[in-house]
There are 2 protein chains.
Amino acid sequence: MSTTQTQRKFEGWAAMDENSVKGQMKWTEYEPKEFADDDVELEVQYCGICGSDLHTMSNGWGSAKDMYPQVVGHEIVGKVVRVGKDVKHLKEGDVAGVGAQCDSCLECDSCKKGEENYCSKGIVGTYCAKFSRTSSGSKSYGGYANFWRGPAHFTLPIPSNIDPAEAAPMMCGGVTVFAPLKQYGAGTTAKDVGVVGIGGLGHFAVLFATAMGANVTAISHSHKKDEDAKKLGAKKVIVTGDDVKAAFKGHERSLDLIIVSSNAPNMPFDAYLSLLRPHGHLVIVGVAEEGSLPNVHPFNLIMSNVHISGSLIGSVKDIAECLKFAGDHNIKAWVKRYPMKDANEAVVSMKAGDARYRYVLVNEEHGGKMNA
Amino acid sequence: MSTTQTQRKFEGWAAMDENSVKGQMKWTEYEPKEFADDDVELEVQYCGICGSDLHTMSNGWGSAKDMYPQVVGHEIVGKVVRVGKDVKHLKEGDVAGVGAQCDSCLECDSCKKGEENYCSKGIVGTYCAKFSRTSSGSKSYGGYANFWRGPAHFTLPIPSNIDPAEAAPMMCGGVTVFAPLKQYGAGTTAKDVGVVGIGGLGHFAVLFATAMGANVTAISHSHKKDEDAKKLGAKKVIVTGDDVKAAFKGHERSLDLIIVSSNAPNMPFDAYLSLLRPHGHLVIVGVAEEGSLPNVHPFNLIMSNVHISGSLIGSVKDIAECLKFAGDHNIKAWVKRYPMKDANEAVVSMKAGDARYRYVLVNEEHGGKMNA
C-alpha cells in the first residue's frame with residue numbers, strides 16, 4: 001500500500017439537512033469506509049444527478065433523516081486508482097463506474113442468481129446507507145465528491161465506445177428503465193411500448209425501447225415535451241391533460257408494456273391499465289413521495305389479465321448489458337454538464353424541473369471533460 | 001324443428017330486486033333468447049351457486065340495477081336437448097356444461113387466440129347480460145332454471161370420468177383458479193403457492209395447486225378452516241389474525257405465486273406481497289364489493305420485482321383443460337347438493353358463509369342426482 005493511497009483525502013458536497021436541496025450543500029471532508037480487499041477506489045470524473053439524490057437530500061422518502069451529513073450521487077464514473085488484492089476484473093487506470101447499489105450480501109438466492117438488486121437482505125445504496133458485509137456500520141458516500149471507495153463487485157468497466165459522461169447517468173437512470181424493457185421483451189414480445197413521463201428516466205426509456213425495435217408511445221401530462229419525445233424516437237405522443245378518459249379514447253388495448261417513469265402523485269393508473277392488451281405489463285420505476293395505488297380497481301386488472309409491477313435499478317449484469325447496448329446502438333443520452341464546483345446550482349435547476357434530461361457533474365481536476 | 005322444441009317453457013328462480021338474495025327469489029316463466037343456428041339447449045340437471053350470483057342478485061357490484069328480473073346461475077350442467085344446425089361438437093343426449101361466459105364477439109384478437117374471456121368487446125355473462133352477436137338485445141338467463149339456451153361455442157361436453165354435479169362448480173369457480181394456476185406455472189416454475197381465503201374459490205385453488213405438484217400455503221384470517229385446508233392438501237396454514245406482520249414473520253419471500261380468492265374488504269395486499277419471492281405473482285380473482293388497492297405501496301412492488309394482476313374466469317379451452325385435469329387427477333370438489341326447489345334456502349345459507357365449500361342445485365326432474 002503506497003503512501004498516497006493511505007493519505008487520500010475524501011471531500012464532497014455534503015447535504016447537512018433537508019434544506020440542502022435548495023442549493024445549500026457544503027464542500028466537506030469525510031471519512032469513507034475502511035478499504036477492504038475486494039474494494040476499489042475511483043477518482044471521480046463524472047457523477048450524474050439522479051432524482052433520487054434530491055428525494056434523499058430532502059428526506060422526501062422519509063428514510064434519510066438520521067443520515068446527515070450525506071454526500072449523494074450514484075451515477076459515478078472515474079479512473080480506478082486503487083484496487084484491493086481480491087479484485088480481478090479491474091486494474092489501476094481503468095475507467096469504471098458504479099450505480100445506485102454498491103453492496104449486497106452476495107450469498108442469498110437472488111445474489112447468487114446475479115440479481116443483487118433484489119438481495120433478500122436488502123441492498124446497500126451507494127450513498128446514505130450502512131455497509132454490513134465489510135466495514136460493518138460505515139456509512140456509504142456517493143459521487144458528488146473527488147473520490148469514491150467501495151466494493152469492486154458493483155464497479156464495472158466502462159466500454160470504450162461510449163462517452164463516459166453519458167455512461168454516468170446510465171449507471172442508475174439508464175439501467176432503471178433498460179432492465180424492465182429487457183425483462184418484458186421490448187421490441188420482441190412487447191412490440192408496443194408506452195412510456196409515462198418524459199423526464200430523466202423517461203427519456204432513457206424512449207431511447208432504449210426505440211433502439212430495441214419497439215413502437216414507442218410517449219404519455220405525458222402536457223404538450224411541453226411533444227417535440228422532444230419525437231426526437232428521442234417516440235412514434236406517438238398521447239397528452240393526458242385534464243381528461244384522461246377522453247385522451248385515451250381509441251388507444252385502449254394498444255400497448256404491451258408501459259413503463260411508468262413519472263413520480264407525480266395521483267397518477268391515473270386505472271386509465272393507464274386500459275391502454276394495455278391482455279397479459280400486458282405496467283411497470284413502475286418512479287415513486288412519488290406519497291405513494292399508494294388508490295386509483296387501481298381490481299376489476300381493471302381482472303378484466304384483461306394485466307399486471308402492475310415494479311422494477312428496481314438493475315443488477316451488475318443489467319448495467320453491463322445496458323452499457324454495451326448503448327455503445328453498440330450509439331445511444332445518445334441528452335446530458336448537460338456542470339462543473340463539479342457548480343453542484344448546488346445544478347441541483348436547484350434539477351429540482352425546478354429544468355433538466356432536458358440528465359445533468360452530469362464534471363470533475364475536471366480528475367480528467368472529466370466539459371465537452372463531448 | 002319439432003313441436004316440443006318450440007313449445008319448451010323456460011322457468012327459473014327469478015330475482016326481482018335486491019332483496020332476492022335474502023331468500024326471495026320467485027319461480028317464474030321467462031322468454032329466453034331467440035334460438036340461433038349455433039345455439040344449444042340444455043335440460044338443466046345441476047347448477048352451482050357461485051358468489052357472483054349473490055353479488056349480482058343484490059346489485060353489490062352495481063351493474064345489475066336495470067336487469068331485474070334476473071335468473072342467475074352460471075355453473076350449469078345438463079343434457080343437450082336441442083342443437084342448432086351449425087353446431088358440430090355436441091349432439092342431443094350429450095351431458096354438457098356452460099360457465100360464467102356464454103358469448104363474445106368471436107372476432108377480436110383475443111377471441112381468435114382462444115381467449116374469449118378477454119374479448120375486446122367484453123364478455124356476455126351467462127346471466128344478467130345482453131346478447132349482441134346473435135339475438136341482439138336479448139337478456140341472458142342462467143341456470144337456476146329448468147332449461148338453458150345459448151351459444152354452443154361456450155358449451156362443453158363433460159368428461160365421463162367426472163361426476164357432473166362436481167363438474168358444475170368447476171365451470172366457473174374451478175376454472176377461475178385453475179386458469180391462473182396454469183398461467184403462472186403452479187407446480188413447475190411456481191413451486192410454492194399461497195392461497196388467500198379458503199372459500200368456494202380457495203378450496204378449488206388448494207385442490208388444484210396440490211394436484212399440480214405445488215407446495216400450498218393456505219392464508220386465512222382465522223383458524224376456523226385450518227383442518228379443512230390441510231384436508232384439501234395445504235402443507236401449511238398461516239393465520240393472519242389481527243397482526244399480519246407478526247403472522248408473516250419468517251415467511252417473507254417464501255412463495256412464488258399467491259392466488260387471492262377472498263373478496264373481503266381492506267385486505268393487506270402489501271403484507272401479501274412480502275411473502276413473494278422476486279418476480280413472483282399475486283393474482284386477484286375475488287373482488288370486494290368496494291374495491292381498490294389503497295394498501296399497495298409501489299415501493300413494495302419495486303423492491304422485489306413482484307406483480308399484482310387479475311384473472312377472469314377461464315377461456316373455453318381453460319374450462320376443457322380444467323375438467324380434464326379434474327377427471328385425470330380425481331379431484332373431489334367439496335359439494336353440498338340442494339334440490340332445485342330449495343334454491344332460496346341454499347342462497348341464504350351461502351350468503352351466511354356456511355358453504356364448505358360449494359353448493360349445487362339439483363334438478364331431479366331432469367335426471368340430476370341428489371347423491372354422488
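Backbone phi angles across the stretch B:86-98, fed through the Karplus curve with coefficients 6.51, -1.76 and 1.60 (θ = phi - 60°), yield HN-Hα couplings of 8, 8, 9, 8, 9, 9, 4, x, 4, 8, 9, x, 9 Hz in residue order; Gly and Pro are listed as x. Taking every alpha-carbon pair within the protein assembly as shown, the share separated by more than 47 Å comes to 29 percent. Summing Lys and Arg as +1 and Asp and Glu as -1 over all other residues whose Cβ lies under 10 Å from the Cβ of B:Ser274 gives a net charge of +1.
When only the Cβ of Lys, Arg, Asp and Glu is charged (+1, +1, -1, -1), the dipole of chain A relative to its Cα centre reaches about 680 debye. Classify the stretch A:75-234 as rounded, prolate or oblate from the Cα gyration tensor: take a ≥ b ≥ c as the square roots of its eigenvalues, call it rounded if a/c is under 1.5, otherwise prolate when a/b beats b/c and oblate if not. Prolate, since a/c reaches 1.5 and a/b exceeds b/c. Taken along the Cα-to-beta-carbon direction at a fixed 7 Å, the label points for A:Lys224 and A:Ala372 span 2.4 nm. Working note: Karplus 6.51/-1.76/1.60 with θ = phi - 60° gives the stretch A:132-148 the couplings 9, 5, 10, 6, 3, x, 5, 7, 8, 10, x, x, 7, 7, 8, 10, 9 Hz, where Gly and Pro are set to x. Comparing B:Leu232, B:Asn300, B:Pro180 along the charge dipole axis of the stretch B:173-310, the residue lying farthest to the positive side is B:Leu232, per the Cβ-charge model. From the alpha carbon centroid of the stretch A:283-348 to that of the stretch B:235-300 is 26 Å. Per-residue ellipticity at 222 nm, computed for chain B from helices alone with -39500 (n - 2.57) per DSSP H run of at least four residues, works out to -6000 deg cm²/dmol. Per residue of peptide B:274-282, the mean number of Cβ atoms on other chains within 10 Å of the residue Cβ is 3. Listed values for the stretch B:356-367 are Karplus-derived 3J(HN,Hα) couplings in whole Hz (6.51 cos²θ - 1.76 cosθ + 1.60, θ = phi - 60°), namely 10, 9, 10, 10, 10, 7, 10, 9, 5, 4, 9, x, and x replaces Gly and Pro. If both residues of a DSSP beta bridge must be in the protein assembly as shown, then about 55% of such bridges are antiparallel. The charge dipole of the protein assembly as shown, taken about its Cα centre with unit charges on the Cβ atoms of Lys, Arg (+1), Asp and Glu (-1) only, comes to about 620 debye. Sites listed here are trypsin sites (Lys or Arg not before Pro) in the stretch B:235-309 whose DSSP assignment is loop and whose Cβ has at most 12 other Cβ atoms within 10 Å: B:Lys249. For the stretch B:1-113, the fraction of alpha-carbon pairs lying more than 20 Å apart is 50 percent, rounded to a whole number. Applying a DSSP loop filter and a limit of 15 other Cβ atoms within 10 Å to the trypsin sites (Lys or Arg not before Pro) in the stretch B:312-342 leaves B:Lys332.
For A:Glu107 and A:Lys236, the difference between the fully extended length at 0.36 nm per residue and the C-alpha to C-alpha distance is 42.0 nm. Shape call for the stretch A:173-310 from the C-alpha gyration tensor, a ≥ b ≥ c root eigenvalues: rounded (a/c under 1.5), prolate (a/b greater than b/c) or oblate? Rounded is the answer for the stretch A:173-310, as its axis ratio a/c remains below 1.5.
Assuming charge only on the beta carbon of Lys and Arg (+1) and of Asp and Glu (-1), the dipole of the stretch A:173-310 about its Cα centre is about 460 debye to the nearest 20.
Computed on the Cα atoms alone, the convex hull of the stretch A:53-166 gives a volume of 120 cubic angstrom per residue. Ranking of A:Tyr338, A:Tyr141 by neighbouring Cβ atoms within 10 Å, starting from the fewest: A:Tyr338, A:Tyr141. For the residues of B:113-122, the average number of beta carbons from a partner chain within 10 Å of their own beta carbon is 3. Evaluated at 20 °C with a viscosity of 1.002 mPa s, what Stokes-Einstein diffusion coefficient in µm²/s does the stretch B:191-272 have when Rh comes from the Kirkwood expression over alpha-carbon pairs? Result for D is 173 µm²/s.
Computed on the Cα atoms alone, the convex hull of the stretch A:262-372 gives a volume of 159 cubic angstrom per residue. Inter-chain Cβ neighbour count for B:306-318, averaged per residue, equals 5 (cutoff 10 Å, partner chain atoms only).
Dimensions of chain A along the principal axes, based on C-alpha atoms and rounded to the nearest Å, stand at 68, 41, 39, largest first.
Among B:Gly250, B:Gly286, B:Gly327, the largest mean-square fluctuation in a Gaussian network model of chain B, built with springs joining Cα atoms closer than 10 Å, belongs to B:Gly250.
The numbers here are math on the coordinates, done by the rules we state, and not lab data. Note that this is a predicted model, so its numbers are computed, not measured. Cβ: placed from backbone, ideal geometry, glycine included. Neighbour counts: every protein chain shown.
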